[in-house]
Amino acid sequence: MIVQDKVAFVTGAASGIGLGIARALAGRGARVMLADLDRAGLDAAAASIPGAAGVVCDVADHGAVRAAAEATIDRFGRVDILVNNAGVSFGGETGAIAIDDWRWIVDVNLMGVVHGVEVFVPLIKTHGMGGHIVNTASMTGFWAGLPGLAPYAATKFAVVGYSDAIRAELAPHDIGVSVLAPGWVRTGIHHAHARRRGATAHAVPEVADTIAALVESGIDPQVVGDWTVDCIAAGRSHVFTDPAMRSLLDLRHQMILADYDACASDPRFAT
């Protein structure tokens, strides 16, 4: 897809990967609407990108996403690229996680993506020139090996599956779908739950410490932003950012095939 002169809407764009993607898109000639809950950060981010605008938006609120879409159309006239990047994380011990915390992470990480797709796909279809959607998942959406992160893993696996499901459906409309699966990136996502009003879940200490160290030593989010736009231009279905994690994909694949082969070799299932 040619990014030049396209209009993009990016959530979670006040910082981190979202800001990196927004800057990369603008650097290649796109006009960008940045969306985030952090008004001060959003204003600063929009001011740093020539021609960009910002809109405060809670992706967990369908009405707020619709209003943000209307603001984008009012400002730029159309939308070609949707980046559903906003996301949160928290950890906790299974059996001791409050249901309200589950609902919070599902509403942001999964329903935030659904809201974006359901609101923006009709708008992209309207102009008949195709488009592209990026849904941010995580390597955790392909391999969930760390204990204490079940809610996060569940939402990211869901984003991967959802993206795969809509890819073939939207292809006839020339709308591409990429799932972004970053590894360790220097963002503030591991602090999201602590900043949430009414938070009740408590991270498993050793897991929280490990994740904090890995995130803080991760790659520059601008590298992820630049690579993501490269992958949009190339029409890639999956955007991976950490070559060292290939072994995790291989391990999961081997485990699945071993269990599948156990079924295939059992005479009870012979055809």
**Request:** Work the Kirkwood hydrodynamic radius out for the stretch 64-110: mean of 1/r over every pair of different alpha-carbon atoms, inverted, in Å.
**Result:** 13.2
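Treat every Asp and Glu Cβ in the stretch 7-244 as -1 and every Lys and Arg Cβ as +1, leave all other atoms uncharged, and give the resulting dipole magnitude about the Cα centre to the nearest 20 debye.
Values: 16 positive and 23 negative charges, 91 e Å.
So the magnitude is around 440 debye.
Kindly provide the Kirkwood hydrodynamic radius of the stretch 1-60 in Å, to one decimal, from all pairs of distinct alpha carbon atoms.
Working: mean 1/r = 0.0912 Å⁻¹.
Across the stretch 1-60, the inverse of the average 1/r is 11.0 Å.
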**Request:** Using the Karplus curve 6.51 cos²θ - 1.76 cosθ + 1.60 with θ = phi - 60°, work out ³J(HN,Hα) for each residue of the stretch 88-97 in order, rounded to whole Hz, and write x for Gly and Pro.
**Result:** 9, 8, 7, x, x, 8, 4, x, 10, 9
**Request:** Quick one: angle between helix 205-216 and the longest Cα principal axis of the chain, in degrees between 0 and 90, rounded to 10, please.
**Result:** 40
**Message:** Taking the Cα centroid of the stretch 84-108 and of the stretch 6-45, what is the distance between the two, rounded to the nearest whole Å?
**Reply:** 24
**Item:** Cα coordinate range in the stretch 7-244, projected on the principal axes (Å, largest first)
**Value:** 49, 36, 31
**Message:** Within the stretch 114-142, list the residues whose amide N lies under 18 Å from a label point set 7 Å along Cα→Cβ of residue 245.
**Reply:** 134-142
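Hey, fewest Cβ within 10 Å first, where do 61, 36 land in order?
On the way: 61 15, 36 28.
Least to most surrounded, the residues fall as 61, 36.
Most exposed first by the Cβ proxy, i.e. fewest other Cβ within 10 Å, how do 17, 219 rank? Mind showing how you got there, number by number?
Working: 17 28, 219 15.
Sorted ascending by nearby Cβ count, the order is 219, 17.
Could you calculate the contour length gain from residue 40 to residue 167, that is, 0.36 nm times the residue separation minus the distance between their Cα atoms, to one decimal place in nm?
Working: separation 127, 0.36 × 127 = 45.72 nm, distance 3.49 nm.
Full extension from residue 40 to residue 167 adds 42.2 nm.
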**Message:** Rounded to whole Å, give me the distance from the Cα center of the stretch 211-268 to that of the stretch 167-183.
**Reply:** 16
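Sorting 1, 33, 111 on the 10 Å Cβ count, fewest up front, what's the list? List each step's numbers first, then the result.
Details: 1 17, 33 25, 111 20.
Listed from fewest to most nearby Cβ atoms, that is 1, 111, 33.
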**Prompt:** Relative to the longest principal Cα axis of the chain, at what angle does helix 16-27 sit, 0 to 90 degrees, rounded to 10?
**Reply:** 40
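Are there chymotrypsin sites (Phe, Trp or Tyr not before Pro) in the stretch 35-136 that DSSP marks as loop and that have at most 13 other Cβ atoms within 10 Å, and which are they?
Values: sites: 76, 90, 102, 104, 120; in loops: 90.
Within the stretch 35-136, no chymotrypsin sites (Phe, Trp or Tyr not before Pro) qualify (loop, at most 13 other Cβ atoms within 10 Å).
Could you give the length gained on full extension between residue 253 and residue 266, defined as 0.36 nm per residue of separation minus the Cα-Cα distance, in nm?
Stretched fully, the residue 253-residue 266 segment lengthens by 2.7 nm.
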**Asked** From the backbone phi of the stretch 6-13, what are the Karplus-calculated ³J(HN,Hα) couplings (6.51 cos²θ - 1.76 cosθ + 1.60, θ = phi - 60°) in whole Hz, Gly and Pro given as x?
**Response** 7, 10, 10, 10, 10, 9, x, 9
**Helix 150-170 axis, angle to the chain major axis (alpha carbon atoms, nearest 10°)** = 60
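Every number here is computed from the coordinates shown, using simple stated rules; none is lab data. Just so you know, these numbers come straight off a predicted model, no measurement behind them. So basically every Cβ, Gly included, is an ideal-geometry build from the backbone, and we count neighbours across all protein chains shown.
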